[in-house]
Amino acid sequence: VHISLAGDKHMRITWITDDKHSPSFVEYGTLPGRYDSISEGEYTSYSYLLYSSGKIHHTVIGPLEYNTVYFYRCGGQGPEFELKTPPAQFPITFAVAGDLGQTGWTKSTLDHIDRCKYDVYLLPGDLSYADCMQHLWDSFGRLVEPLASARPWMVTQGNHEEENILLLTDEFVSYNSRWKMPFKESGSTSNLYYSFEVAGVHVIMLGSYADYDKYSEQYRWLKEDLSKVDRKRTPWLFVLFHVPWYNSNKAHQGAGDDMMAVMEPLLYDASVDLVLAGHVHAYERSKRVYNGRLDPCGAVHITIGDGGNREGLAHRYINPQPQWSEFREASFGHGELKIVNSTHAFWSWHRNDNDESVKADDIWITSLVSSGCVDQNRHELRSMLATP
């Protein structure tokens, strides 16, 4: 079982059963064992070479009250789960870690995230590391269920979700079947990119492995989505994708350059506050940067592909450290992002040190709304959005 946000005041409950006749409804309420609401959903399944998935259920529940604990049961049987909805306004806390996998380090990272009082988990790609071995998607689901059934997990795809075997399989079929995100709710035609709003934050999840050139559907959708952002309602604007644009590690050096060349001007004109990525198995935080140079109206870029995957850490860095790079370290860990109010957020990164969570980097981030950059860039944004 895992849950995700599904539009205002709604949550999508996803679960998988071996029983092909199991119904796709969810009972829920605010008291344990007493369900005063019920929602009917949909189901799907997929085949991958010799593997056949269980029945994958997706049911949207709501409208739900903000900042409230709900108890729920899937399909009329099995254990009772409980979830907590995010708050309606600040403060709100996000937990962040990419490139999770299923190792002892993954378990350590999840244990540390579980102890953090977070409202929403953000995962910038590379979930299960199934890499075509489909039973590993099932074991990953069981591994993350204690956390993912209790707080919304908002994810985007990485290269390990691609699972493409020489035209024999539909790429992303496992990911798209199992991890349905609110793409339709945000006007997207693809589960690989979407957006959502929560407690004064607009979050855009982009697809590093979907077409992103200026003639692509993703680029068209991104412009459309940015045109709807109201910085009075959501003063904070975040973007997540898998392959980092600012990376001083020797691993995957330059891999995000093409996407960056196309999309960075759009994100800059929109005054994006923070960009989170994975892919590189290490941690790095930038100063505010745009087009390779320090810029007070640029985004802070954070690479956090350090969740605990089986491929190990990326230890080799380029020296000297670039001017835009503020802090970097090759350790497994997770990030915590507390949005305190419309102007200030506190970011901290916690390494897994002998299974202990040790805070190794932190910074107060001031929103670009409060620094005047949003007003300054308004004309450029209008021009960019008006260009066909």
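The values are calculated or read from the model by the stated rules, or taken from the named source; none is laboratory data. Treat the numbers as computed from the prediction; the structure is a model and nothing was measured. Neighbour counts are summed over all protein chains in view; Cβ atoms, including those assigned to glycine, are modelled from backbone coordinates with ideal geometry. Side chains included, ligands, DNA and RNA excluded: accessible areas come from the protein's heavy atoms. Shrake-Rupley method; radii C 1.70, N 1.55, O 1.52, S 1.80 Å.
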Restricting the first residue to the stretch 51-68 and requiring it to be on the phi > 0 side of the Ramachandran plot, which pairs with a second residue that is of a type in the set (Lys, Arg) and in a strand (DSSP E or B) meet a Cβ separation below 8 Å and a spacing of at least six or different chains?
-> 67/84
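Among the residues of the stretch 104-118, which ones are open to solvent by 40 Å² or more (accessible area, probe 1.4 Å) and either assigned to a loop (DSSP other than H, G, I, E, B) or not aromatic (Phe, Trp, Tyr) (or both)?
Of the residues in the stretch 104-118, the ones open to solvent by 40 Å² or more (accessible area, probe 1.4 Å) are 104-105, 107, 111, 114-115, 117.
Matches in the stretch 104-118: 104, 107, 111, 114, 115, 117.
Got a sec? Which of 340, 369 is of a type in the set (A, V, I, L, M) and either more than 24 Å from residue 223 (Cα to Cα) or not assigned by the TED database to the domain that holds residue 235 (or both)?
Working: 369 fails: either more than 24 Å from residue 223 (Cα to Cα) or not assigned by the TED database to the domain that holds residue 235 (or both).
None of the other options fit; the residue is 340.
If I go through the stretch 230-265 residue by residue, how many of them are of a type in the set (A, V, I, L, M) and open to solvent by 20 Å² or more (accessible area, probe 1.4 Å)? Show your work before the answer.
From the stretch 230-265, those of a type in the set (A, V, I, L, M) are 237, 239-240, 243, 251, 255, 259-263; that's our starting set.
So of that shortlist, the ones also open to solvent by 20 Å² or more (accessible area, probe 1.4 Å) come out as 251, 255, 260-262.
Number satisfying all stated conditions: 5.
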How many residues are touching a residue at least 12 places away in the same chain (Cβ under 8 Å), of a type in the set (A, V, I, L, M, F, W, C) and surrounded by fewer than 16 Cβ atoms within 10 Å (Cβ to Cβ) if we restrict to the stretch 364-388?
-> 2
One residue from 288, 310, 328 being part of a strand (DSSP E or B), in contact with a Phe, Trp or Tyr (Cβ under 7 Å, 6 or more places away or on another chain) and either open to solvent by 30 Å² or more (accessible area, probe 1.4 Å) or modelled with pLDDT under 95 (or both) = 328
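Does residue 345 satisfy being open to solvent by less than 10 Å² (accessible area, probe 1.4 Å), more than 21 Å from residue 242 (Cβ to Cβ), among the hydrophobic types (A, V, I, L, M, F, W, C) and in the same structural domain as residue 94 (by the TED database)? Show your work before the answer.
Values: open to solvent by less than 10 Å² (accessible area, probe 1.4 Å): yes; more than 21 Å from residue 242 (Cβ to Cβ): yes; among the hydrophobic types (A, V, I, L, M, F, W, C): yes; in the same structural domain as residue 94 (by the TED database): yes.
So residue 345 passes the test.
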Quick one: would you say residue 192 is more than 18 Å from residue 107 (Cα to Cα) and modelled with pLDDT under 95?
-> no
Is at least one residue of the stretch 2-16 modelled with pLDDT under 95 and farther than 21 Å from residue 200 by Cβ?
-> no
State which residue pairs qualify: first residue outside the structural domain of residue 243 (by the TED database) and farther than 11 Å from residue 305 by Cβ and inside the stretch 96-110, second residue among the basic types (Lys, Arg) and at pLDDT below 95 in any location, beta carbons under 7 Å apart, and separation of 6 or more residues or different chains.
-> none
Within the stretch 76-103, track down each residue that is open to solvent by less than 10 Å² (accessible area, probe 1.4 Å) and over 25 Å from residue 198 (Cβ atoms).
-> 101
Might you check whether a residue that is touching a strand residue (DSSP E or B) at 6+ places or on another chain (Cβ under 9 Å) and buried (at least 20 other Cβ atoms within 10 Å of the Cβ) occurs anywhere in the stretch 28-41?
-> yes
Do we have any residue at all in the stretch 298-305 that's within 18 Å of the chain's Cα centre (by Cα) and assigned to a loop (DSSP other than H, G, I, E, B)?
-> yes
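Here is a check on your reading of the model: is residue 64 in the same structural domain as residue 200 (by the TED database) and buried (at least 17 other Cβ atoms within 10 Å of the Cβ)?
On the way: in the same structural domain as residue 200 (by the TED database): no; buried (at least 17 other Cβ atoms within 10 Å of the Cβ): yes.
In short, no.
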